[in-house]
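A.B. asks: Below is the structure I would like to discuss, written out as structure tokens.
The values are calculated or read from the model by the stated rules, or taken from the named source; none is laboratory data. Here the structure is a predicted model, which is why all the values come from computation and not from measurement. For neighbour counting, all protein chains shown are included, and Cβ atoms are generated from backbone atoms with ideal geometry for every residue, glycine included.
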Amino acid sequence: RAIRQQAIAMTDVAEQWDDTTVEWINLKRNETAAADTAGQQEAKGLDAWFEYMEFTLRRLPKAYGVRLAFEPHSGLGPTGVRSLYVRRGDGDKFVRANLEYLPDDSESPGSNWYVPLRDSSSEAMDGVWSEPFSAGESTPETVITCSVPIMFLKNGKTSFDGVAALDVTIEAVIESLRKLDIAPEFEVFILNPARRVTISAQGGTACKKEEK
């Protein structure tokens, strides 16, 4: 639940992000928001997005990575950048990696966590879980992702502008489900956007990945 709630909160931040957000993050790092050139301002702005994503990971010890991606036409997000990804590295370090996604390609890694929301955003406002997948940015882990659409209201119309998402490793999900106190007659499971069971556990037994 905490993963889903944080993903929803990320959409609010993305929709309301402005210069004051960057200034606040810079102040938290004891830096000034001023810059000598437009290029320096853009760099500080991009860095502030990454700092926010790293802050999100610090709050969620079970999360492995944070994703933010925006539609090509969207006015949201850092200038000139349509996708960002931060994952855990060695120790307490974070890795800022290139995010592999193509909104128009159902065969790209983004098809696991982005494309389903683009096609049915109204049904995903509370978050949806992807199928387990591996991609270059999350290597070497296999993850499932909780994604929430970023919706932006402009001129009285709401448009789909992108996705905020959090990765959790398969191992972390299975470990969490194993700790649940489930009566023998009950089963807990995670559904993907197609309403198919991705991971399940029954009556305290070991969890399993479901075959497609």
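A.B. asks: Mind listing whichever residues of region 42-86 are of a type in the set (D, E, K, R), surrounded by 19 or more Cβ atoms within 10 Å (Cβ to Cβ) and touching a Phe, Trp or Tyr at 6+ places or on another chain (Cβ under 6 Å)?
C.D. replies: The answer is Arg67, and nothing else.
A.B. asks: Please name all residue pairs, on different chains or six or more residues apart, with Cβ atoms under 6 Å, provided the first residue is in region 113-137 and is within 24 Å of Val95 (Cβ to Cβ) and the second residue is among the hydrophobic types (A, V, I, L, M, F, W, C) and assigned to a loop (DSSP other than H, G, I, E, B).
C.D. replies: What qualifies is Ser130/Trp113; Glu137/Leu99.
A.B. asks: Inside region 128-174, can you point out the residues that are among the polar types (S, T, N, Q), part of a strand (DSSP E or B) and buried (at least 18 other Cβ atoms within 10 Å of the Cβ)?
C.D. replies: Taking region 128-174 first, the residues among the polar types (S, T, N, Q) are 130, 134, 138-139, 142, 145, 147, 155, 158-159, 169.
Cutting the leftovers down to part of a strand (DSSP E or B) gives us 145, 147, 158-159, 169.
Within region 128-174, Thr145, Ser147, Thr169 meet the criteria.
A.B. asks: Further question: Inspect all residues belonging to region 99-106 and state whether any of them is at positive phi and out of contact with any strand residue (DSSP E or B) (no Cβ under 8 Å at 6 or more places or on another chain). Give the derivation first.
C.D. replies: Taking region 99-106 as the starting set, the residues that turn out to be at positive phi are none.
No - not one qualifying residue is present in region 99-106.
A.B. asks: Collect the residues in region 49-93 that are of a type in the set (A, V, I, L, M) and either more than 15 Å from Asp167 (Cα to Cα) or in contact with an Asp or Glu (Cβ under 9 Å, 6 or more places away or on another chain) (or both), keeping them in residue-number order. Spell out how you get there, then give the answer.
C.D. replies: Just the residues of region 49-93 that are of a type in the set (A, V, I, L, M), to begin with: 53, 57, 60, 63, 66, 68-69, 76, 81, 84, 86.
Of everything in region 49-93, those that are of a type in the set (A, V, I, L, M) and either more than 15 Å from Asp167 (Cα to Cα) or in contact with an Asp or Glu (Cβ under 9 Å, 6 or more places away or on another chain) (or both) turn out to be Ala63, Val66, Leu76, Val81, Val86.
A.B. asks: Restricting to region 103-127, give me the number of residues that are surrounded by fewer than 14 Cβ atoms within 10 Å (Cβ to Cβ) and either modelled with pLDDT under 75 or over 14 Å from the mean Cα position of the chain (by Cα) (or both).
C.D. replies: Start the filter on region 103-127 by keeping residues that are surrounded by fewer than 14 Cβ atoms within 10 Å (Cβ to Cβ), which leaves 104-107, 119-120, 122-123, 125-126.
So of that shortlist, the ones also either modelled with pLDDT under 75 or over 14 Å from the mean Cα position of the chain (by Cα) (or both) come out as 104-107, 119-120, 122-123.
Of the residues in that region, 8 qualify.
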